[in-house]
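Student: One structure, pasted below without further comment.
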Amino acid sequence: MRYQNDWASLNARPVPEWFADAKFGIFIHWGLYSVPAYAKNGDYAEWYAKQLEEGKPEVTAFHNRVFPGRQYADFVDGFRAELFDADRWAALFTKAGARYINLVSKHHDGFCMYQTDYAWNWNSVDVGPHRDFCAELKNALEGTPVRFGVYHSVYEWYHPLMRIDPERYALEHLHPMLKELITKYEPATLFTDGEWDYPSSVWHSTEFLQWLYNDSPVRDFIVPNDRWGKETRGRLGGNFTTEYGLIDGGRTIADVELDRPFEECRGIGRSFGLNRIEGVNDYLGAKELLTTLCDLVSKGGNFLLNVGPAADGTIPVIMEERLLQMGDWLKVNGEAIYGTRLYTKKQQKGVYYTKKGDAVYAILDRFPFGSVTLEQIPYKGSLRASLLAADAPIAVSDDSGRLRLSFPAIDPEDVRCSYLYAVRIEEAR
């Protein structure tokens, strides 16, 4: 099928099945902003340059005290990535149970984390660490279950054309740069951003997507998102995206009639780029993160969880620990997550439903003891239930037409996970 240069045709392209199966990805915000790694608590540290330009009091005071007389571009000297090890990152993401990553290849500051002909002397190969991080990470992920993908800002704060003629900027800079990136690195995802000031017609988004879907080397498997113009989020494009629960204008995923997968992105803390002022209380705990994952998957979505590495290329230990905790849980309960689909749009407090084939999964947010009635599963005498985290007989019974599960006394030492507990329900064989 050849897709046409209009939204009706482009929206007819299905989101590749691998993405709907994947469920869990890792966002990586890493760049020059990782040198100051600072913002007012609650703000995005990756916006440091813009906050400095706009005279945000906290950032201005910090910059004048710590980096007096220096410009944002001078942070190239501090962005050394001397401890970056792509293989170590790949091993961590694999252990975390992720199925894809989105590396920020270019944020709004225009600095590129790869070799490009369209940002001469403003990329990580020409200056700074003199390394191609897209290439290193893609190569390190080969042979793992984790697919390589990218984030790419469609606008740049300081590009001369962007300031005087956004449409020319899109056609003469953005499109050639994106095509170079896609052709050179063949990412599985393309998470665009920064689209909000102009409609998709200014960005000529449909022209680019027509090329992406018809003629690019990744046309059969790439998953772009919905950030292609100020009118597109939650309406047009590839998978729909939320950010800290919101789409745009205060809308949430509940406000959208979904006909495709969606993806929630957020940090473990509040910022995407590392913000060193954030403390332990600003970071979500393992149960909160796993609950978020299960809630999103039960609604048919994916969870794109962000890490913000330091300028030296290390991932902060608290972030590493959270990823490993999620991976430990997914080793036991991944059957109820990966490859599943929406079971019901009705919610039940404390229970998250998914389905795969003939099996339905109920993920409980408390330790399995006593009994629980699964309000969304009709009772049938032929059903049986099994706990993924322990070998324990679960009795099933009828509770006013709904399925009730009764658990035996289980020693916590015999349960192979913590926080949430998945139960498989299927016909007895």
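Student: With unit charges on the beta carbon (Lys/Arg positive, Asp/Glu negative), name the residue among Pro217, Ser105, Leu258 whose Cα is farthest towards the positive pole of the charge dipole of the chain.
Tutor: Leu258
Student: If you don't mind, there's one more thing I want to ask. Extending each Cα 7 Å along its Cβ direction at Arg341 and Asn139, get the distance between those two points in nm, one decimal.
Tutor: Distance between the two pseudo-spin positions: 4.0 nm.
Student: Another one. Which ³J(HN,Hα) values in Hz, rounded to whole numbers, follow from the phi angles of the stretch 224-237 under the Karplus curve 6.51 cos²θ - 1.76 cosθ + 1.60, where θ = phi - 60° and Gly and Pro get x?
Tutor: 3J(HN,Hα) across the stretch 224-237, in whole Hz: x, 10, 10, 9, 10, x, 5, 9, 9, 4, x, 9, 9, x.
Student: Give the angle, between 0 and 90 degrees and rounded to the nearest 10, that separates the Cα long axis of helix 57-66 from the longest principal axis of the Cα atoms of the chain.
Tutor: That helix lies at roughly 70 degrees to the long axis.
Student: Something else now. Cα centroids of the stretch 214-236 and the stretch 275-318: how far apart, whole angstrom?
Tutor: The stretch 214-236 and the stretch 275-318 have Cα centres separated by 25 Å.
Student: Okay, next question. Nearest 500 deg cm²/dmol is fine: what mean residue ellipticity at 222 nm does the chain get from its DSSP H runs of n ≥ 4 alone, each adding -39,500 (n - 2.57), divided by its residue count? Please report the intermediate quantities before stating the final value.
Tutor: Values: 13 runs with 109 residues, N = 429.
Rounded to the nearest 500, the figure is -7000 deg cm²/dmol.
Student: Now for a separate question. Could you give each residue of the stretch 81-96 its phi-based ³J(HN,Hα) in whole Hz, using Karplus coefficients 6.51, -1.76, 1.60 with θ = phi - 60°, and x for Gly or Pro?
Tutor: So the J values, rounded to whole Hz, are 6, 5, 10, 5, 9, 4, 5, 5, 4, 4, 5, 5, 5, 5, 5, 6.
Student: Right, another one. Want the number for Asn41 to Leu324: 0.36 nm per residue separation, take away the alpha-carbon distance, what's left?
Tutor: Values: separation 283, 0.36 × 283 = 101.88 nm, distance 2.55 nm.
Additional length available on full extension: 99.3 nm.
Student: So how far, in whole Å, is the C-alpha centre of the stretch 376-400 from the one of the stretch 50-90?
Tutor: Their Cα centres are 55 Å away from one another.
Student: I've got another one for you. Set the Förster radius R0 to 22 Å, insert the Cβ-Cβ distance between Arg276 and Asp21 as r into 1/(1 + (r/R0)^6), and round the FRET efficiency to 0.05. Display every interim value, and only then the final one.
Tutor: On the way: r = 36 Å, r/R0 = 1.65.
My answer for the efficiency is 0.05.
Student: Please provide three numbers in whole Å: the alpha-carbon extents of the stretch 351-427 along the principal axes, with the largest listed first.
Tutor: Its Cα atoms span 33, 24, 18 Å along the three principal axes.
Student: So, R0 is 45 Å and r is the distance between the beta-carbons of Ala409 and Phe221; what FRET efficiency does that work out to, to 0.05? Working shown, then result.
Tutor: Numbers: r = 48 Å, r/R0 = 1.06.
Step by step, r from the Cβ atoms, then E = 0.40.
Student: So if I take the centroid of the Cα atoms in the stretch 337-371 and the same for the stretch 134-166, what is the distance between those two points in Å?
Tutor: About 35 Å separates the Cα centre of the stretch 337-371 from the one of the stretch 134-166.
Student: Send over the per residue convex hull volume for the stretch 66-112, Cα only, as a whole number of Å³. Before the final figure, lay out the partial values.
Tutor: On the way: hull volume 5.6 nm³, N = 47.
Once divided by residue count, the hull of the stretch 66-112 is 119 Å³.
Student: Turning to a different aspect of this structure: Just grab the label-to-label distance for Ile164 and Thr252, each label 7 Å out from Cα along the Cβ direction, in nm (one decimal).
Tutor: 4.6 nm
Student: Per-residue HN-Hα couplings for the stretch 211-219, Karplus 6.51 cos²θ - 1.76 cosθ + 1.60 at θ = phi - 60°, whole Hz, x for Gly and Pro?
Tutor: Result, ordered by residue: 5, 4, 7, 9, 10, 6, x, 10, 4 Hz.
Student: Follow-up. May I ask what percent, to the nearest 5, of DSSP beta bridges between residues of the stretch 189-324 are antiparallel?
Tutor: Details: 1 of 13 bridges.
Within the stretch 189-324, antiparallel bridges account for around 10 percent of the total.
Student: Moving on. What is the chain's relative contact order, in percent, from Cα pairs under 8 angstrom and six or more apart in sequence?
Tutor: Details: 868 pairs, mean separation 75.4, N = 429.
The normalised contact order for the chain reaches 18 percent.
Student: What label, among (i) 1.11; (ii) 1.04; (iii) 1.21, belongs to Cα Rg over 2.2 N^0.38 Å computed from the structure on display?
Tutor: (ii)
Student: If you don't mind, there's one more thing I want to ask. May I ask what percent, to the nearest 5, of DSSP beta bridges between residues of the chain are antiparallel? Display every interim value, and only then the final one.
Tutor: On the way: 30 of 60 bridges.
Around 50 percent of the beta bridges assigned by DSSP in the chain are antiparallel ones.
Readers should treat all values here as calculations from the given coordinates under stated rules, not as data from a laboratory. This is a predicted model, so every value here is computed, not measured. Here the Cβ is made from the backbone with ideal geometry for all residues, glycine too, and neighbour counts use every protein chain on show.
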